[in-house]
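Working notes, structure below.
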Amino acid sequence: MARIAGVNIPTAKRVPIALTYITGIGPHIADLICTAVGIDQARRVNQLTDAEVLAIREHIDANYTVEGDLRRETSMNIKRLMDLGCYRGLRHRKGLPVRGQRTHTNARTRKGPAKAIAGKKK
C-alpha cells in the first residue's frame, strides 16, 4: 500500500487513476505528475519501486497544494468571505447557493430536505 500526502492510494489501479484519490489532484494533474516523474501511465501502483513512490511524493509536495493544506485554504477563504460580510459570505452563512442559482425551486442540496409549512393544505 503506497502512502502519498497522507492518503493510502489503491495498489491495483493504474498510477494516474490512483493519484486522483488524493484531494486536489484530478486526472489532468495526475497525468502531468506521471510525465514529470517519468513513470509510464500503464503501470500499476503495486509495480512501482520505493524510489518511484518517493519521487512522486516529493514532486507533489514541491509543486501542488493537496489534502489538509488545500482543505484549510478553502475553509479560510470561505471564513474570510463570511467575516467580510460580502454577499457571497452571507450566502455561505445562511446555507444558500452562492453562485446565483435560483432558490424558489431546487437548491435542495444547499438548503437541506424540504420542511413542511404549518397550516398549508391542498
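Kindly check whether there is at least one residue in the stretch 80-88 that is among the small types (Gly, Ala, Ser) and either farther than 28 Å from residue 22 by Cα or open to solvent by 100 Å² or more (accessible area, probe 1.4 Å) (or both). Reasoning before the result, please.
First, the residues of the stretch 80-88 that are among the small types (Gly, Ala, Ser): 85.
Now drop any that are not either farther than 28 Å from residue 22 by Cα or open to solvent by 100 Å² or more (accessible area, probe 1.4 Å) (or both), which leaves 85.
Looking through the stretch 80-88, at least one residue is among the small types (Gly, Ala, Ser) and either farther than 28 Å from residue 22 by Cα or open to solvent by 100 Å² or more (accessible area, probe 1.4 Å) (or both).
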**Message:** Just to be sure before I move on: is residue 108 out of contact with any Phe, Trp or Tyr (no Cβ under 9 Å at 6 or more places or on another chain), surrounded by 15 or more Cβ atoms within 10 Å (Cβ to Cβ) and without any contact (Cβ under 8 Å) to a residue 12 or more places away in the chain in the structure I sent?
**Reply:** no
**Request:** Working only within the stretch 12-68, note down all residues that are in a loop (DSSP other than H, G, I, E, B) and open to solvent by less than 30 Å² (accessible area, probe 1.4 Å).
**Result:** 22, 25, 26, 39, 48, 66
**Request:** Residue by residue through the stretch 50-67, note down the ones that are on the phi < 0 side of the Ramachandran plot and touching a Gly at 6+ places or on another chain (Cβ under 7 Å).
**Result:** 64, 65, 66
**Message:** When you check residue 45 against the structure, is it in contact with a Lys or Arg (Cβ under 7 Å, 6 or more places away or on another chain) and touching a residue at least 40 places away in the same chain (Cβ under 8 Å), yes or no?
**Reply:** yes
**Request:** Looking at (1) in a helix (DSSP H, G or I); (2) surrounded by 13 or more Cβ atoms within 10 Å (Cβ to Cβ), find the lone condition where residue 97 falls short.
**Result:** (1)
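The values are calculated or read from the model by the stated rules, or taken from the named source; none is laboratory data. What you see is a predicted model; the values in this text were computed from it and never measured. Glycine gets a Cβ as well: all are built from the backbone with ideal geometry, and neighbour counts include every protein chain shown. Note: areas computed on protein heavy atoms with side chains; ligands, DNA, RNA excluded. Shrake-Rupley method; radii C 1.70, N 1.55, O 1.52, S 1.80 Å.
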